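See structure below.
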Amino acid sequence: MKKIEYFDENFKTGKSPEKAGIKYYNVLEKPFCIYGISMENGKFRRLPEKVAVRISEGVAALHANTAGGRLRFCTNSAYIAISAKMDCITRTPIFSLLGSAGFDLYSKEGNREKYEGSFVPPMDMTEGYESFIELEGSKNREFTIHFPLYSAVRELYIGLDERARLSEARPYRCQTPIVYYGSSITQGGCASRPGLTYQSILSRRFNCDYLNLGFSGSARGEERMADYIKTLNMSLFVYDYDHNAPSPADLQNTHKRMFQAVRRAKPQTPVIILSRPRYTLRSDEKERLAIIERTFQDAKAAGDKNVFLLTGRELMNACKEEGTVDGVHPNDLGFRSMARALGNVIKKNRLLEEVSH
């Protein structure tokens, strides 16, 4: 039987650019600017390897997943190509390969960011792939490329028309990053593509930088993780690891402790505490929510005016039970609902250095 792409070319993936005069650039060189990840020992990472290995086996395994990584630049090229080399490619039945291993492209003219398309990975790729996106015209624009959420990128090259101009993009309006800590949901599972996580949506809404410290199945509120997070320069701290705490007792032993560790180091930094994004809770989940609410209430009682709580019901209010792919991980509707709830708190309380709208 013929494959679907034989009948519908829109399902073709991993298209290699067949362009005369294409020129490739290493994204580690100027004028490209990389956010959310950094290069260390030949790999992009979300935190230093020496820190990751001291926290847990899971964090050590996942810290090279490039969730939250972004590349920004300006060009008037009429097309953009990528050539990516990847060490780890995650495949799971509930997560699109585009979300776990693909790249998204957004353009910006003025204050409006527009989705231009995705660099879609082929199903049979093993160590990376090439792809390209045709653009409408050759006018100068700012571009953001979102990195894969659950895969590890070793090298990335950007292909442009050799005659095109290339320059540095403007910095984010809020340059001090939001730091997100949490579980697989924080890492981005299971957004259909990288640009649709709630962090990406908020970044576009508020023109702000961010760091994704979500670790699938491996966010346990460890003291060593708290010790690392409290050293970071951040405009806002958002955390949720309810799903990864093995039991309510584990959550009880770690949740308030992590909050207090960060608060002692960052007495003025706004903190938004999240419970698991679920509209209707089971009895055991209500016990966990009570623990999380206690952390918040104790902080408020102690006079903390810069701590906020969003429950799972509030996070999923715009989609209710339709917001997940499996009862746990948000789909795109769920991530949009989460971004809306978080964005409303950020805007209402003016929690970022500068709010774009």
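The values are calculated or read from the model by the stated rules, or taken from the named source; none is laboratory data. All values reported here derive from a predicted model rather than from experimental measurement. Using ideal geometry, Cβ is built from the backbone for each residue, glycine included, and neighbour counts are taken over all protein chains shown. These accessible areas exclude ligands, DNA and RNA; they are computed on the full protein's heavy atoms, side chains included. Shrake-Rupley method; radii C 1.70, N 1.55, O 1.52, S 1.80 Å.
Can you tell me which residues in the stretch 274-293 are in contact with a helix residue (DSSP H, G or I) (Cβ under 7 Å, 6 or more places away or on another chain), basic (Lys, Arg) and part of a helix (DSSP H, G or I)? The one that is in contact with a helix residue (DSSP H, G or I) (Cβ under 7 Å, 6 or more places away or on another chain), basic (Lys, Arg) and part of a helix (DSSP H, G or I): ARG288. Taken over the stretch 333-357, the residue count meeting the criterion of being under 16 Å from SER192 (Cβ atoms) and surrounded by fewer than 19 Cβ atoms within 10 Å (Cβ to Cβ) is 2.
Taken over the stretch 101-131, the criterion of being within 26 Å of ARG173 (Cβ to Cβ), open to solvent by 70 Å² or more (accessible area, probe 1.4 Å) and not acidic (Asp, Glu) is satisfied by ASN111, ARG112, LYS114, TYR115.
Scanning the stretch 159-172 for residues that are under 18 Å from TYR25 (Cβ atoms) and either crowded, with 22+ Cβ neighbours inside 10 Å or of a type in the set (D, E, K, R) (or both) yields a total of 6. Once the stretch 28-50 is narrowed to residues that are open to solvent by 40 Å² or more (accessible area, probe 1.4 Å) and of a type in the set (A, V, I, L, M), the residue that is nearest to the chain's Cα centre (by Cα) is ILE34.
Residues of the stretch 318-332 being surrounded by fewer than 16 Cβ atoms within 10 Å (Cβ to Cβ) and not small (Gly, Ala, Ser), which ones? Once the filter is applied, which keeps residues that are surrounded by fewer than 16 Cβ atoms within 10 Å (Cβ to Cβ) and not small (Gly, Ala, Ser), the stretch 318-332 yields LYS320, GLU321, GLU322, ASP326. Checked against the criterion of being more than 30 Å from MET316 (Cα to Cα), in a strand (DSSP E or B) and among the hydrophobic types (A, V, I, L, M, F, W, C), the candidates LEU156, LEU211 yield just one match: LEU156.
Among the residues examined, ALA191 does not qualify as crowded, with 22+ Cβ neighbours inside 10 Å, without any contact (Cβ under 8 Å) to a residue 60 or more places away in the chain and part of a loop (DSSP other than H, G, I, E, B). For the stretch 86-126, the set of residues classified as over 30 Å from ASN140 (Cα atoms) and part of a strand (DSSP E or B) consists of ASP87, CYS88, THR92, PHE95, listed by residue number. Report yes if GLU136 is touching a helix residue (DSSP H, G or I) at 6+ places or on another chain (Cβ under 7 Å), acidic (Asp, Glu) and either in a strand (DSSP E or B) or open to solvent by 10 Å² or more (accessible area, probe 1.4 Å) (or both), otherwise no. No; evaluated as a whole, the condition is false for this residue. Does SER218 satisfy the condition of being open to solvent by 10 Å² or more (accessible area, probe 1.4 Å) and out of contact with any His (no Cβ under 9 Å at 6 or more places or on another chain)? The answer is yes for SER218. With respect to being within 11 Å of the chain's Cα centre (by Cα) and either free of Cβ contacts under 8 Å to residues at least 12 places away in the same chain or surrounded by fewer than 24 Cβ atoms within 10 Å (Cβ to Cβ) (or both), ASP209 fits the description.
Residue check: is LEU71 crowded, with 21+ Cβ neighbours inside 10 Å, under 15 Å from the mean Cα position of the chain (by Cα) and assigned to a strand (DSSP E or B)? The answer is yes for LEU71.
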